[in-house]
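Visitor: Input: one structure, supplied below.
The values are calculated or read from the model by the stated rules, or taken from the named source; none is laboratory data. Nothing here was measured: the structure is a model prediction, and the numbers come from that model. Because the Cβ atoms are built from the backbone with ideal geometry, glycine has one as well, and the counts that use them run over all protein chains shown.
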Amino acid sequence: MARYNGPVCRFCRREGVKLFLKGARCLSAKCAIDRRSYPPGEHGQNRAKSSEYGLQLREKQKVKRIYGVLERQFRKTFKIASRKKGNTGQSLLAALEMRLDSVVYHIGWGASRTESRMLVTHGHILVNGRKVNIPSYSCKVNDAISLAPSMRTSERVQGNFRDAELRGVVSSWLDVDKNSFSATVKDIPQRDAINILISENLVVELYSR
């Protein structure tokens, strides 16, 4: 299955919440969901009430779209999370947050997870001093994430980094060093540190059917 490359603002309108897929645009007056809060499509304003299954499916789609993962990747991540002790939903979100592209996003080098994924795939991110170009790479506690020297003078990256706190993406489970363009994973993210409007229990219920 190919990755979706079309307009992503329709995803926010379909889910009824801001998924912050376009970086700073989501905080501006140009945000699609602020202008048209109803779902896209000819019958967007006349959709019937969702069933229990429909609510669970929408929540799963919301999580997939926030993190930019395909169904096969998502299902694999869920299986791994379900084998761990504790709350499966929280383990699922923690695993998604620990993806390298998501970590780069939380550091602030990318304005969105999509842009952060591009930084990774283009070889601009180092993990423990070694280049890693796999966005789904699972970071571990004490991993050192750094930006390649060739990108440290990029005005785009520097601007994203300055605006990171304004966008609310900086996370407490990361120790970010602004001067050395690096960060260290301090801990596995807990639910109260994952700032997304998701009912992860609905996703667990869907896969438990």
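Visitor: From the set of residues in the range 56-88 that are of a type in the set (A, V, I, L, M, F, W, C) and loosely packed, with under 15 Cβ neighbours inside 10 Å, which is nearest to the chain's Cα centre (by Cα)? Before the answer, list the steps.
Guide: Going through the range 56-88, the residues of a type in the set (A, V, I, L, M, F, W, C) turn out to be 57, 63, 66, 69-70, 74, 78, 80-81.
Going one step further and asking which of them are loosely packed, with under 15 Cβ neighbours inside 10 Å, we end up with 70, 80.
Numbers: Leu70: 13, Ile80: 18 Å.
In this case the residue turns out to be Leu70.
Visitor: Within the set of pairs 6 or more residues apart or between chains, which connect a residue that is among the polar types (S, T, N, Q) inside the range 189-209 to a residue that is surrounded by 15 or more Cβ atoms within 10 Å (Cβ to Cβ) with Cβ atoms less than 7 Å apart?
Guide: Sorted first by the residue in the range 189-209, then by its partner, the pairs are Ser199/Glu59; Asn201/Gly89.
Visitor: Still on this model: Of Ala144, Ala94, which residue is aliphatic (A, V, I, L, M) and within 18 Å of Tyr67 (Cα to Cα)?
Guide: Numbers: Ala144 fails: within 18 Å of Tyr67 (Cα to Cα).
Only one candidate passes the filter, namely Ala94.
Visitor: How many of the residues making up the range 154-180 are within 18 Å of the chain's Cα centre (by Cα), without any contact (Cβ under 8 Å) to a residue 60 or more places away in the chain and loosely packed, with under 15 Cβ neighbours inside 10 Å?
Guide: 3
Visitor: Please enumerate the residues belonging to the range 190-209 that are outside any loop (DSSP other than H, G, I, E, B), more than 14 Å from His106 (Cβ to Cβ) and aliphatic (A, V, I, L, M). Outline the logic, then answer.
Guide: First, the residues of the range 190-209 that are outside any loop (DSSP other than H, G, I, E, B): 191-193, 200-207.
Then keep just the ones that are more than 14 Å from His106 (Cβ to Cβ); that gives 191-192, 200-207.
Answer for the range 190-209, where residues must be outside any loop (DSSP other than H, G, I, E, B), more than 14 Å from His106 (Cβ to Cβ) and aliphatic (A, V, I, L, M): Leu202, Val203, Val204, Leu206.
Conditions tested, residue by residue: (1) at pLDDT below 90; (2) of a type in the set (D, E, K, R).
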position: Ala48; (1), (2): yes, no
position: Arg72; (1), (2): no, yes
position: Phe78; (1), (2): no, no
position: Lys84; (1), (2): no, yes
position: Leu92; (1), (2): no, no
position: Gly110; (1), (2): no, no
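Visitor: Restricting attention to the range 122-135, does a residue exist that is closer than 27 Å to Arg58 by Cβ and not assigned by TED's automatic domain parsing to the domain that holds Lys64? If you could, list the steps in order and put the result at the bottom.
Guide: Going residue by residue through the range 122-135, those that are closer than 27 Å to Arg58 by Cβ are 135.
If we keep only those that are not assigned by TED's automatic domain parsing to the domain that holds Lys64 too, we end up with 135.
Checked the range 122-135: at least one residue is closer than 27 Å to Arg58 by Cβ and not assigned by TED's automatic domain parsing to the domain that holds Lys64.
Visitor: Also, quick follow-up: In the range 172-189, how many are part of a loop (DSSP other than H, G, I, E, B) and either among the basic types (Lys, Arg) or over 18 Å from Glu115 (Cα atoms) (or both)?
Guide: Matching residues across the range 172-189 total 9.
Visitor: Please enumerate the residues belonging to the range 158-171 that are of a type in the set (A, V, I, L, M) and assigned to a helix (DSSP H, G or I).
Guide: Quick first cut of the range 158-171, residues of a type in the set (A, V, I, L, M) only: 164, 166, 169-170.
Across the range 158-171, the qualifying residues are Ala164, Leu166.
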